[in-house]
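The values are calculated or read from the model by the stated rules, or taken from the named source; none is laboratory data. This one's a predicted model, so the numbers in the text were calculated from it and none came from an experiment. Positions of Cβ are generated from backbone atoms using ideal geometry, with glycine treated the same way; all protein chains shown enter the neighbour counts. With ligands, DNA and RNA removed, areas are computed over all heavy atoms of the protein, side chains included. Shrake-Rupley method; radii C 1.70, N 1.55, O 1.52, S 1.80 Å.
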Amino acid sequence: MKVAIIGVGNVGRALATALRKAGHEILFGARSPDTQKPEQHSIPDAVRAAEASILAVPFPAAADVIAAAGGFEGKILIDATNPLGMMPEGLGLTMGYTTSGAERIAAQAPEAFVFKAFNQTGWENMQDAAAYAARPVMFVAGDDTARKRVVLTLVADAGFEAVDAGPLRTARLLEPLAMLWIELGRKRGFGSDFAVTLQRKG
Ligand SMILES: NC(=O)c1ccc[n+]([C@@H]2O[C@H](COP(=O)([O-])OP(=O)(O)OC[C@H]3O[C@@H](n4cnc5c(N)ncnc54)[C@H](OP(=O)(O)O)[C@@H]3O)[C@@H](O)[C@H]2O)c1
């Protein structure tokens, strides 16, 4: 499938590596596309040509990026961002409980089918999640049942155990999961070579 990745940073590049391995065609949407790299396009061109887009820019840039991109009409938009900001006690979420970054993004792109995924682990795990003995879990939140199957398949193709966590408002729970990974990885000495898995009894 043709997938646009908006943002050519750590997350964007790692997901491109994983999804290409599974046979997907990646079109990067960049604010300053590198003309030497044929896979890089302007953001509107990448979104227009793709069947689904993954948003991998800093959350504060998301509103402008979505407004400038256009072209999401009836298409899947996977929000991999986390609404992070500097708090007195360090990095933290700038919203939660009553809304989420994903819901804000859905309001900014009402013509798109917005899903939350790829936000709950470090970028280091996104290029080769399948390297773990047990597949790391990646929850998916979103409201459209038919398109959620497509998103779950993409997430599984990237090497994760893809789990439907419910409607988009469940992003209020998935964005704090990113904070847990950051806390363990960056502050509690876990580093970046760890991931969370899901086990079921029986
Ligand atoms: N880092 C992680 O482990 C991780 C894990 C899960 C989710 N996330 C989330 O994923 C998102 C991306 O993180 P990252 O680590 O990949 O960041 P990053 O390495 O800093 O890359 C950010 C990308 O966004 C682009 N960008 C920034 N501002 C932009 C704007 N106004 N318009 C268009 N493009 C813009 C940058 O373009 P330029 O190259 O032109 O500056 C760059 O390509 C963030 O929301 C983050 O919270 C990160």
Looking at region 24-34, which of the residues that are of a type outside the set (S, T, N, Q) and within 13 Å of the ligand (Cβ to nearest atom) is most open to solvent (accessible area, probe 1.4 Å)? Arg31
Of all residues in region 42-77, count the ones that are open to solvent by 10 Å² or more (accessible area, probe 1.4 Å), not aliphatic (A, V, I, L, M) and not in a helix (DSSP H, G or I). 8
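Let me confirm something: among Leu177, Leu168, which residue is out of contact with any Asp or Glu (no Cβ under 9 Å at 6 or more places or on another chain) and aliphatic (A, V, I, L, M)? First the steps, then the outcome.
Working: Leu168 fails: out of contact with any Asp or Glu (no Cβ under 9 Å at 6 or more places or on another chain).
When all the criteria are applied, what remains is Leu177.
Looking only at region 137-157, count every residue that is under 18 Å from Arg13 (Cβ atoms), within 16 Å of the ligand (Cβ to nearest atom) and touching a helix residue (DSSP H, G or I) at 6+ places or on another chain (Cβ under 9 Å) and tell me the total.
In the first step, residues of region 137-157 are kept if they are under 18 Å from Arg13 (Cβ atoms); the result is 138, 154-155, 157.
Still in the list and also within 16 Å of the ligand (Cβ to nearest atom): 138, 154-155.
Those left that are additionally touching a helix residue (DSSP H, G or I) at 6+ places or on another chain (Cβ under 9 Å): 138, 154.
Selection size over region 137-157: 2.
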Residues of region 1-41 satisfying the condition of being part of a helix (DSSP H, G or I) and of a type in the set (Ser, Thr, Tyr): Thr17
State whether the residues of region 104-117 include one that is among the polar types (S, T, N, Q) and over 17 Å from the mean Cα position of the chain (by Cα). no
Taking the options Lys21, Lys37, Lys2, name whichever one is more than 8 Å from the ligand (Cβ to nearest atom), open to solvent by 50 Å² or more (accessible area, probe 1.4 Å), at pLDDT 95 or above and over 23 Å from Asp157 (Cα atoms). Lys37
When region 90-136 is checked residue by residue, the ones that are assigned to a loop (DSSP other than H, G, I, E, B), more than 18 Å from Leu55 (Cα to Cα), out of contact with any helix residue (DSSP H, G or I) (no Cβ under 7 Å at 6 or more places or on another chain) and among the small types (Gly, Ala, Ser) are Ala133, Ala134
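Identify the residue in region 144-202 that is among the acidic types (Asp, Glu) and closer than 19 Å to Phe115 by Cα and, among all such residues, is surrounded by the most Cβ atoms within 10 Å (Cβ to Cβ).
Glu175
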Based on what the data block shows, is Ala14 within 21 Å of Gly142 (Cα to Cα) and either open to solvent by less than 10 Å² (accessible area, probe 1.4 Å) or within 9 Å of the ligand (Cβ to nearest atom) (or both)? no
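Would it be correct to say that Ile76 is more than 12 Å from the ligand (Cβ to nearest atom), aliphatic (A, V, I, L, M) and under 22 Å from Leu173 (Cα atoms)? Give the steps one after another, and end with the answer.
Numbers: more than 12 Å from the ligand (Cβ to nearest atom): yes; aliphatic (A, V, I, L, M): yes; under 22 Å from Leu173 (Cα atoms): yes.
Criteria met by Ile76.
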Can you confirm whether Leu91 is at pLDDT below 95 and among the hydrophobic types (A, V, I, L, M, F, W, C)? yes
Specify the residue that is nearest to Ala56 (Cα to Cα); the eligible residues are those in region 78-128 that are crowded, with 17+ Cβ neighbours inside 10 Å and β-branched (Val, Ile, Thr). Thr81
Starting from region 175-198, keep only residues that are free of Cβ contacts under 8 Å to residues at least 60 places away in the same chain, then list their pairs with residues that are part of a loop (DSSP other than H, G, I, E, B) whose Cβ atoms are within a distance under 6 Å, requiring at least 6 positions of separation or different chains. Leu177/Gln120; Leu184/Phe190
